[in-house]
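To start, the structure itself, in structure tokens.
The numbers here are math on the coordinates, done by the rules we state, and not lab data. All values reported here derive from a predicted model rather than from experimental measurement. Here Cβ is always computed from backbone atoms with ideal geometry, including for glycine, and neighbour counts include all displayed protein chains.
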Amino acid sequence: MKILLILLLLTSSIFAREVSMRYDVHVTMFGHVGYADFTLSENGDEYEANLLAKTIDIAAALLKKRVETFTSRGKIINGIYIPYIFIKTKNTTRENRVQTYYFDHESKEVRLVEEKTKIVNKTGFDTKSFQIVTREVEEKSKKEETLETFIGNDTLSAYLNSKYGCSDEEKNHTLLAIGANNDKNNISYRCLSGQNKEAALSNFSGGVQDIYNLHVEPLDKNDKIVDVLIAYDSDGFLKEGLLDEIFWIGKMMAIRVSHEISN
């Protein structure tokens, strides 16, 4: 039994992998506006991926010190990442929201549990001072529902599986992922090749292997359709991303500034 346990531990360590990356986000008008930390832990056929996105400086002031986190946990089956739970949080100075999605791939159902905490101002009469006073009150709410449509990927698992998208070059793929889609916008992507890829390469630094064009339809159909260029390196992870000319603030660029993969 002891020998069997040692063999299991050795086998587990052979297939373990840790990935850690940081991306700086820059906007033409404001400069460095935030960063995103991505980590991936793989142990045998199990994985956990985490993304933390945080604003800084003027962007933090404009967005009430907004911080978003995403966590995806599940199985790796034949090289494909299959999520079983996805947690999405958004924190500001006055509001916290946690959305937890539970995937049942056999029943083709996704259950959502959403919890909110919000600080609101309430006015009341203070009997001691005989004055009308305003105070901050914390309000909490919770709701559960089963989504009408089954979607088998979340934002992070879809990202991890996207490295297989270049098998059909230039062909449009519809992106369906919890945390990326809603009932008002559609997202598709294609892997660039030939002259299209050569033209896109000028937007990035060296060491790029694959480039995807991410096509995002706006929530308001009167707004401009958004296209994002995403550059991957040879290890299958995002190297740089470019969102060209959004509204009046200019271009948005995400650049990988640290990169570590260990077994």
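Applying the Karplus relation 6.51 cos²θ - 1.76 cosθ + 1.60 with θ = phi - 60° to the stretch 30-42 yields 3J(HN,Hα) values of 10, x, 6, 10, x, 8, 9, 10, 10, 10, 9, 10, 10 Hz, where x marks Gly and Pro.
Which entries in Lys88/Lys142; Lys116/Lys142; Lys75/Lys116 show an alpha-carbon gap greater than 18 Å? Exceeds cut-off: Lys75/Lys116.
Electrostatic tally near Ser205: other residues with Cβ closer than 9 Å to its Cβ, Lys and Arg +1, Asp and Glu -1, net 0. Amide H to amide H, with H built 1.01 Å from N, Gln209 comes under 5 Å of Tyr232, Asp233, Ser234, counting only residues 5 or more places away or on other chains. Each residue of the stretch 102-118 was assigned a 3J(HN,Hα) from its phi angle through the Karplus curve 6.51 cos²θ - 1.76 cosθ + 1.60 (θ = phi - 60°); the sequence is 10, 9, 10, 6, 6, 7, 6, 9, 10, 9, 10, 10, 10, 10, 10, 10, 9 Hz, with glycine and proline shown as x.
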